[in-house]
Amino acid sequence: MFFNEFIIRPATNNDIPSIKNVVFTTLNEYGLNPQLHGKDSDLDDIERNYFVNNGYFGVTVNTRANNIVGTFGIFAINMDICELRKMYLLKEMRGQGVGKFILNTAIKTAAEKQFRKIILETISPLTAAIALYKQFGFKEVKPKEINERVDQAFELDL
């Protein structure tokens with residue numbers, strides 16, 4: 001894989017259909033339902049929900065095909081803590097190091113925004129993502145809630 005074929009750039013609301021495609025395709029792949037009026041409603045206005053309060057939403061673009069293949073959001077919880085949200089990658093892009101590229105960029109972005117800790121919640125069927133989080137030094141903690149989309153939580157001190 002050649003990383004010059006992929007860039008990560010800030011998302012805009014014009015990207016919402018492509019972002020929802022990546023997120024919802026991945027959720028469906030794992031038998032999880034999108035929650036249009038719940039956990040996934042933040043995707044209806046990326047600019048308002050992520051770029052305020054020092055947040056960020058990045059899209060990974062395959063420059064060869066000029067399409068969005070991955071996503072991640074940095075959501076400010078407070079001045080010191082952010083939540084990594086919506087880190088998804090289309091199936092055909094996995095296993096090539098693109099997930100590492102996205103997570104590395106997410107961590108770097110959070111550090112540049114001077115957050116001191118990243119938290120995230122996930123669900124156990126996402127085994128490759130969980131292994132990646134652990135590889136990057138995320139430590140498992142007790143999740144705030146347990147539901148059909150959350151049964152594990154992790155944090156990383158920056």
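Just so you know, all these numbers are worked out from the coordinates, no wet-lab data involved. Everything quoted here is computed from the prediction, not taken from an experiment. Note that we place each Cβ from the backbone using ideal geometry, even for glycine, and neighbour counts take in every protein chain shown.
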### Distance violations [Cα-Cα > 23 Å] among LYS108/LYS142; LYS91/LYS142; LYS20/LYS117; LYS108/LYS139
LYS108/LYS142; LYS91/LYS142; LYS20/LYS117
### Query
How far apart, in nm, are two points set 7 Å out from the Cα along the Cα-to-Cβ line at VAL141 and at ASP44?
2.9 nm
### Task
Report relative contact order for the chain in percent, whole number only (criteria: Cα-Cα under 8 Å, sequence separation at least 6).
19 percent
### Task
Would you indicate which of (i) 6; (ii) 10; (iii) 48 is the value of percent of Cα pairs over 30 Å apart derived from the coordinates of this structure?
(i)
### Message
If I model a spin label as a point 7 Å beyond the Cα along the Cα-Cβ vector, how far apart are those points for ASN28 and ALA111 in nm?
### Response
3.7 nm
### Query
What FRET efficiency comes out for the pair ILE77/LYS134, r = Cβ-Cβ distance, R0 = 25 Å, nearest 0.05?
0.70
### Query
Percent relative contact order of the range 75-137, based on C-alpha pairs within less than 8 angstrom and at least six residues apart?
41 percent
#### Entry: Amide H contacts under 5 Å for VAL141, placed H, 5+ residues apart
ALA153, PHE154, GLU155
### Task
Can you bin the range 72-158 into rounded, prolate or oblate? Criterion: square roots of the alpha carbon gyration tensor eigenvalues sorted a ≥ b ≥ c, rounded for a/c under 1.5, prolate for a/b above b/c, oblate for the rest.
oblate
